[in-house]
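The values are calculated or read from the model by the stated rules, or taken from the named source; none is laboratory data. As the structure is a prediction and not an experimental result, all values here were calculated from the model. So basically every Cβ, Gly included, is an ideal-geometry build from the backbone, and we count neighbours across all protein chains shown.
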Amino acid sequence: MNINHTFQYLQMGLPERINRKKLFGDFEGALQDMESYLLTPDLPDAMRHCLTTEAEMLRRLPSDFPYTREEALAVARKEVPDFSEEEFDQLERKFRIRWIYQNGEKRYFDRFFENLCRTDPEMAGRAGKETAPRNGRYFQEAIEAMHRDGKAEKRFYCRSSVQLKDEGFRKGAVVRAYLPIPCACDSQTEIRIEKVTPVPMYISPENAPQRVVFWEETMEKNHPFEVEFSYIRTAVYKELFANPEKTSVFVPESEKQWLREQAPHILFTPYIRELMRTLGDGAETPLEKARRFYDFVTMKVRYSFMPAYFSQESIAENCARNLTGDCGVQTLLFITLCRCAGIPAKWESGWAAEPGFCGAHDWARFYVESYGWLYADVSYGGDAAQRGDEKRRVHYFGNLDPYRMTANTEFQADFDVSKDGWRADPYDNQVGEMELDGRGLQYSEFIRKKEVLECSDL
């Protein structure tokens, strides 16, 4: 079994004494107890897998929470000199500043101040940071074209690469590199791999659920692994509510796989079931229910940068409880609510690929029998809600825009080529992965680059 498969056993739960140490932040003590527990004769495989994964999560978690209170205040005051202790405490009480315990002491999230500026225009203004939507006119023009002409199309030429940091390079080491590339989906055509350096060992077929170009090399010199590709992106507009005809609850056999739970993050917990029932109360069709779920996530969940997914537990449920999350976290909540309600839903991810910008992004698809598979981008919809743009918020229920690249069509899917060590992201692949002598590298150990070189109208 691939070691990354052990994540599906997280919901088994830790032994009580280990969990107490974990919650207190005694990570060293918890790890010692885990190692001892793993030596127990005849330990059930499910618990062994859970402990193995939890141990690696604990080793990585502290790096996302490096700051003491004094250090966090210093970070904020570097950007906003008059930022006060009282203000810090108030924001913490309002759950606006993320922290964990480490050895009984609070340690604060490394991107806490970015979060404050991302969600509070006043704070962003005090820090002198831009709050306007990135390339807003491109989105506006594309959405208008979709509503007017029925679709919007763009041709993209992109480049991405990964490379070991110099301090990690060892001559003679065996290095593996995996970069995401465009996959076949409804919205992408004329996909071409234009240039790959060095020559790769393998390129996934277009229908791979997490498509990659793969290299393996005994390295004599540190160098990047790089791919250039092109594709056409077509965003077709679907009007969902002009026809009052009710959608059927029928789900074809071929789509029922997208109704299942998927541990550890897509689970129909008691709280998720109750939330689904409450939100869906009175909705007569799957489309109406999906819209209720979309409205909840876009209007009630605040966007927030998150720690690495590697170290997170129960992502969908925690999003529902905490009402915060980034694009992937929000997407998982929407998918989970849909599946729990009997609406097929699945993951899609890759890049937001815009003129002058390229970033990792996640969104969802959901199925209703009268329309087939539809899109939902809950984080873009939430951003529109925050800005008071109801037209754009509604647009992203059922539709996307042409400014993206899809590399992954399944959450938590394996690569179709060997990946023996821990992945940096065990669930998704948007920026690439690397291994060094069989050890999976964390993002802090290698350089990742992605660029949109050309974006043109058709």
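Brief remarks on what is shown
- Residues of segment 166-179 that are touching a residue at least 24 places away in the same chain (Cβ under 8 Å), surrounded by fewer than 19 Cβ atoms within 10 Å (Cβ to Cβ) and either in contact with a strand residue (DSSP E or B) (Cβ under 6 Å, 6 or more places away or on another chain) or among the acidic types (Asp, Glu) (or both): ASP166, ALA173, VAL174.
- Segment 252-282, subset aromatic (Phe, Trp, Tyr) and not in a loop (DSSP other than H, G, I, E, B), residue surrounded by the fewest Cβ atoms within 10 Å (Cβ to Cβ): TYR271
- Residue match in segment 92-99 (condition: among the aliphatic types (A, V, I, L, M) and under 29 Å from LYS346 (Cα atoms)): no
- For segment 170-200, a residue qualifies if it is of a type in the set (Asp, Glu) and touching an Asp or Glu at 6+ places or on another chain (Cβ under 9 Å), and exactly one does: GLU194.
- Within segment 184-207, residues that are loosely packed, with under 12 Cβ neighbours inside 10 Å sit with their Cβ atoms under 6 Å from residues that are modelled with pLDDT of 95 or more and not in a strand (DSSP E or B), at 6+ positions apart or across chains, in these pairs: ASN207/ALA184.
- Residue selected from segment 70-91 under the condition of a type outside the set (A, V, I, L, M) and touching a Phe, Trp or Tyr at 6+ places or on another chain (Cβ under 7 Å), by the criterion nearest to GLY29 (Cα to Cα): ARG77
- Selection count, segment 81-133, where residues are among the polar types (S, T, N, Q) and touching a strand residue (DSSP E or B) at 6+ places or on another chain (Cβ under 8 Å): 1
- Considering (1) modelled with pLDDT under 95; (2) over 22 Å from the mean Cα position of the chain (by Cα), the lone condition that LYS151 does not fulfil carries the number (1).
- Any hit, segment 315-322, residues being under 20 Å from LEU400 (Cβ atoms) and not hydroxyl-bearing (Ser, Thr, Tyr): no
Matching residues to (1) buried (at least 19 other Cβ atoms within 10 Å of the Cβ); (2) touching a residue at least 12 places away in the same chain (Cβ under 8 Å); (3) at negative phi:
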site: GLU35; (1), (2), (3): no, yes, yes
site: LEU39; (1), (2), (3): no, no, yes
site: LEU43; (1), (2), (3): no, no, yes
site: LEU61; (1), (2), (3): yes, yes, yes
site: GLU85; (1), (2), (3): no, yes, yes
site: ARG93; (1), (2), (3): no, no, yes
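- Residue match in segment 300-323 (condition: outside any strand (DSSP E or B) and of a type in the set (Asp, Glu)): yes
- Test for PHE88: is it part of a helix (DSSP H, G or I), closer than 30 Å to VAL301 by Cβ, hydrophobic (A, V, I, L, M, F, W, C) and at pLDDT below 95: no
- Meets criteria (free of Cβ contacts under 8 Å to residues at least 60 places away in the same chain and touching a Lys or Arg at 6+ places or on another chain (Cβ under 6 Å)) for GLU216: yes
Rundown of residues vs (1) touching a helix residue (DSSP H, G or I) at 6+ places or on another chain (Cβ under 8 Å); (2) modelled with pLDDT under 95; (3) under 18 Å from ALA184 (Cα atoms), yes/no style:
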residue: GLU348; (1), (2), (3): no, no, yes
residue: CYS358; (1), (2), (3): no, yes, no
residue: TRP373; (1), (2), (3): no, no, yes
residue: GLY381; (1), (2), (3): yes, no, no
residue: ARG393; (1), (2), (3): yes, no, no
residue: PRO402; (1), (2), (3): yes, no, yes
residue: ALA413; (1), (2), (3): no, no, yes
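- Members of segment 20-31 found to be surrounded by 14 or more Cβ atoms within 10 Å (Cβ to Cβ) and not aliphatic (A, V, I, L, M), listed by number: ARG20, LYS21, LYS22, PHE24, GLY25, ASP26, PHE27, GLY29
- Apart from one condition, PHE83 fits all of (1) assigned to a loop (DSSP other than H, G, I, E, B); (2) within 29 Å of ARG302 (Cα to Cα); (3) hydrophobic (A, V, I, L, M, F, W, C); (4) at pLDDT below 95; the exception is (4).
- Residue count, segment 144-165 (criterion: surrounded by fewer than 16 Cβ atoms within 10 Å (Cβ to Cβ) and among the aliphatic types (A, V, I, L, M)): 0
- Scanning segment 411-432 finds no residues that are surrounded by 19 or more Cβ atoms within 10 Å (Cβ to Cβ), of a type in the set (Val, Ile, Thr) and closer than 21 Å to GLU239 by Cα.
- Residue in segment 123-143 that is crowded, with 16+ Cβ neighbours inside 10 Å, among the hydrophobic types (A, V, I, L, M, F, W, C) and assigned to a strand (DSSP E or B) present: no
- Residues in segment 385-426 that are farther than 22 Å from VAL212 by Cβ and assigned to a loop (DSSP other than H, G, I, E, B): ARG387, GLY388, ASP389, TYR396, ASN399, LEU400, ASP401, PRO402, TYR403.
- Test: residue in segment 297-317 that is under 16 Å from GLN412 (Cβ atoms), of a type in the set (Phe, Trp, Tyr) and outside the structural domain of PHE7 (by TED's automatic domain parsing): yes
- Looking only at residues in segment 63-83 that are crowded, with 18+ Cβ neighbours inside 10 Å and small (Gly, Ala, Ser), the one that is nearest to GLY128 (Cα to Cα) is ALA76.
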